[in-house]
Amino acid sequence: MRDLYVVVLLGPPGVGKGTQGRKLADEKGWRYLATGDLLRDGVRARPDLADTVKEFMERGELVPDVIVNQLVETVLAQSGQSVLLDGYPRTVGQAQTLDDILEKLDWTFATAVLLDVREEDLIDRLTSRRLCPQCGAIYNMKTQPPANNELCDRCQVPLIIRDDDRPEVIHRRFSVYREVTEPVINYYEQSGRLVRVDGSGSPEDVHQRLLRVTHSQ
Ligand code: AMP
């Protein structure tokens with residue numbers, strides 16, 4: 001029998017889950033599965049659900065568990081590869097259902113990895129970010145500043161701050177995250193399935209830490 005398992009990646013908005021998750025999955029030979037993407041694709045695959053899913057997503061609200069769970073189960077059941085999940089589970093109900101799905105499919109739960117960053121550090125990271133409105137280049141005023149003040153190296157136009165990188169927006173995204181995801185973190189922690197990984201520092205440092213905690217998978 002194939003030995004298939006899931007790894008769950010948890011962490012606050014802006015911590016780099018997408019970038020880190022893709023890179024880790026690539027290196028490990030896992031399938032990277034982000035439920036945000038899956039729902040967008042699922043809308044195409046299941047026209048009967050399209051309107052409902054679209055409405056929730058457009059409002060920035062969680063799509064009902066029953067729909068997300070079903071999509072995840074379908075993908076897992078058809079996957080010949082182990083899977084790294086990003087953006088799922090987002091509620092304790094989804095976490096419990098994931099356990100049931102894995103049991104039913106005879107998959108293993110490998111580990112839940114929490115990419116942990118202090119809110120202050122993340123705010124510091126995101127508020128240092130600047131964007132060129134013309135070419136889309138991203139700078140970081142602390143770690144990767146432009147050569148000339150606040151002008152794009154290429155276009156020489158003033159750099160801007162993205163709306164969702166403003167401190168008040170970041171605080172709001174964090175409080176939603178805490179409210180919604182903290183119970184999921186507790187769920188895995190209480191069952192001894194959570195590892196915390198320091199998400200600060202360079203992307204390469206974080207990647208190496210992730211490799212270390214998942215070395216046995
Ligand atoms: P994301 O790309 O992870 O930010 O997700 C985009 C949107 O997809 C979210 O705002 C939700 O509407 C929906 N979504 C993604 N994952 C889930 C999930 N696990 N449960 C419910 N809704 C989800």
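The values are calculated or read from the model by the stated rules, or taken from the named source; none is laboratory data. Since this is a predicted model, take the numbers as computed values, not measurements. Virtual Cβ from ideal backbone geometry, glycine too; neighbours counted across all protein chains shown. In case anyone asks, the SASA skips ligands and DNA or RNA and just uses the protein heavy atoms, side chains included. Shrake-Rupley method; radii C 1.70, N 1.55, O 1.52, S 1.80 Å.
Here is a yes/no grid of residues against (1) in a strand (DSSP E or B); (2) touching a strand residue (DSSP E or B) at 6+ places or on another chain (Cβ under 8 Å); (3) acidic (Asp, Glu):
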{"site": "Glu103", "(1), (2), (3)": "no, no, yes"}
{"site": "Phe109", "(1), (2), (3)": "yes, yes, no"}
{"site": "Gln134", "(1), (2), (3)": "no, no, no"}
{"site": "Cys155", "(1), (2), (3)": "no, no, no"}
{"site": "Val169", "(1), (2), (3)": "no, no, no"}
{"site": "Arg173", "(1), (2), (3)": "no, no, no"}
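If you go through the range 49-72 one residue at a time, how many are open to solvent by 50 Å² or more (accessible area, probe 1.4 Å) and either near the ligand (Cβ under 8 Å from one of its atoms) or in contact with a Ser or Thr (Cβ under 8 Å, 6 or more places away or on another chain) (or both)? Residues meeting the conditions: 6.
Taking the range 29-48 as the range and being within 14 Å of the ligand (Cβ to nearest atom) and hydrophobic (A, V, I, L, M, F, W, C) as the test, the residues that pass are Leu33, Ala34, Leu38, Leu39, Val43. Being closer than 24 Å to Thr214 by Cβ, at pLDDT below 90 and surrounded by 17 or more Cβ atoms within 10 Å (Cβ to Cβ) is a property that Gly21 lacks.
Among the residues making up the range 136-151, those that are in a loop (DSSP other than H, G, I, E, B) and touching a strand residue (DSSP E or B) at 6+ places or on another chain (Cβ under 8 Å) are Ala137, Met141, Pro145, Pro146, Glu150.
With respect to being within 23 Å of Thr19 (Cα to Cα) and part of a helix (DSSP H, G or I), Arg125 fits the description.
So, Arg90, is that one touching a residue at least 24 places away in the same chain (Cβ under 8 Å), within 13 Å of the ligand (Cβ to nearest atom), open to solvent by 80 Å² or more (accessible area, probe 1.4 Å) and not aliphatic (A, V, I, L, M) or not? Yes: the conditions hold for Arg90.
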